[in-house]
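Novice: Below you'll find the structure I mean.
Every read-out reported here was derived from the displayed coordinates using simple, explicitly stated rules and does not represent laboratory data. All of these numbers come straight from a predicted model, not from anything done at the bench. Positions of Cβ are generated from backbone atoms using ideal geometry, with glycine treated the same way; all protein chains shown enter the neighbour counts.
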């Protein structure tokens, strides 16, 4: 497995779930990790305390706040020296099915979701890429979703935000390649995290697991492995790629 000794990796939404697994995997390969959180400082501190190596850093930001995003990146660069890899993992999901949602709530759900999932990731990418240009290169990896392709009927803003993330990643891959910055995206399906726990342990859990011929959902570390690959030296020619990590539960053409 590729080593990341001396590299600095900023992972957004790393206080739990997929983000925590990504932080663990990079730290295990020698990276120093900036563990971002929005509300759960205790969770982020617990993740940092569990990481090998270091020193690592806990950093807070509301990704819907452009100034906070810029401040997050500036702090990581100031205290850790640079950012070699940005992982845009943080995101939010909320139900707002059209037929059951009033117009005001509909608009609010779209604003919150797009501001966090897409615009927040775009701003983080901008700020990190500007310093990557100055230092001579880097990697950006986005964590999208299977929902960008198959649709999210109860949370259309989520599906749209992740489809936008896919397109953003491909656009940035083309623009940033001459600067030695390579951009990839990972699109998971259901993942065994605390966010999915209620669904997976509920009456619909077996139906969700049956979507994959493997008869289960992904483990967080399986998503993390795909992220690590896209960030690795030697994976440059995959720039612009979207890797599905959904256990063949949804196959796109």
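Novice: Given the -39500 (n - 2.57) contribution per DSSP H run of 4+ residues, what per-residue ellipticity at 222 nm results for the chain, rounded to the nearest 500 deg cm²/dmol?
Specialist: -13500 deg cm²/dmol
Novice: Now for a separate question. How big is the Cα convex hull of the range 177-229 in projection, averaged over all directions, in nm²?
Specialist: 4.7 nm²
Novice: Right, next: May I ask you to derive the relative contact order of the range 8-245, considering only C-alpha pairs under 8 Å and at least 6 residues apart, and to give it as an integer percent?
Specialist: This gives 19 percent for the range 8-245.
Novice: Show log10 I(q)/I(0) for the range 23-66 at q = 0.14, 0.20, 0.21, 0.29 Å⁻¹, two decimals, from a solvent-free Debye sum over equal Cα scatterers.
Specialist: Evaluating at q = 0.14, 0.20, 0.21, 0.29 Å⁻¹ gives log10 I(q)/I(0) of -0.31, -0.58, -0.63, -0.97.
Novice: Subtract the Cα-Cα distance of residue 133 and residue 1 from 0.36 nm times their separation in residues, and report this length gain in nm to one decimal.
Specialist: Here the answer is 44.9 nm.
Novice: Further question on the same structure: At residue 150 and residue 126, where each label point lies 7 Å from the Cα along Cα→Cβ, what is the point-to-point distance in nanometres?
Specialist: The answer from the label model is 3.4 nm.
Novice: To the nearest 0.05, what FRET efficiency results for residue 42 and residue 111 with a Förster distance of 35 Å applied to their C-beta separation?
Specialist: The formula returns an efficiency of 0.80 here.
Novice: What does the convex hull of the alpha-carbon atoms of the chain project to on average, in nm²?
Specialist: Orientation-averaged projected area of the Cα hull: 13.5 nm².
Novice: Moving on. Set the Förster radius R0 to 35 Å, insert the Cβ-Cβ distance between residue 214 and residue 70 as r into 1/(1 + (r/R0)^6), and round the FRET efficiency to 0.05.
Specialist: Efficiency, from the Cβ-Cβ distance: 0.25.
Novice: Over the Cα atoms of the range 38-184, what Rg and Dmax result, in angstrom?
Specialist: 16.5, 51
Novice: Starting from the Cα gyration tensor of the range 58-136, multiply each eigenvalue by 5, take the square root, and state the resulting semi-axes largest first in whole Å.
Specialist: In descending order the semi-axes read 31, 11, 9 Å.
Novice: Report, in degrees rounded to the nearest 10, the 0 to 90 angle that the Cα long axis of helix 120-135 makes with the longest principal axis of the chain.
Specialist: Helix 120-135 sits roughly 20 degrees off the main axis of the chain.
Novice: Which three extents, in whole angstrom, do the alpha-carbon atoms of the range 1-48 cover along their principal axes, largest first?
Specialist: Projected onto its principal axes, the Cα set of the range 1-48 covers 31, 16, 15 Å.
Novice: Provide, in order from the shortest bin, the percent of all Cα-Cα pairs of the range 146-190 in each 10 Å bin, continuing until the bin that contains the maximum pair distance.
Specialist: Reading the bins upward from 0: 28, 43, 22, 7.
Novice: Now a separate question. Please report Rg (one decimal) and Dmax (integer) in Å for the Cα set of the range 1-103.
Specialist: Values for the range 1-103 (Cα only, Rg and Dmax): 15.1, 51 Å.
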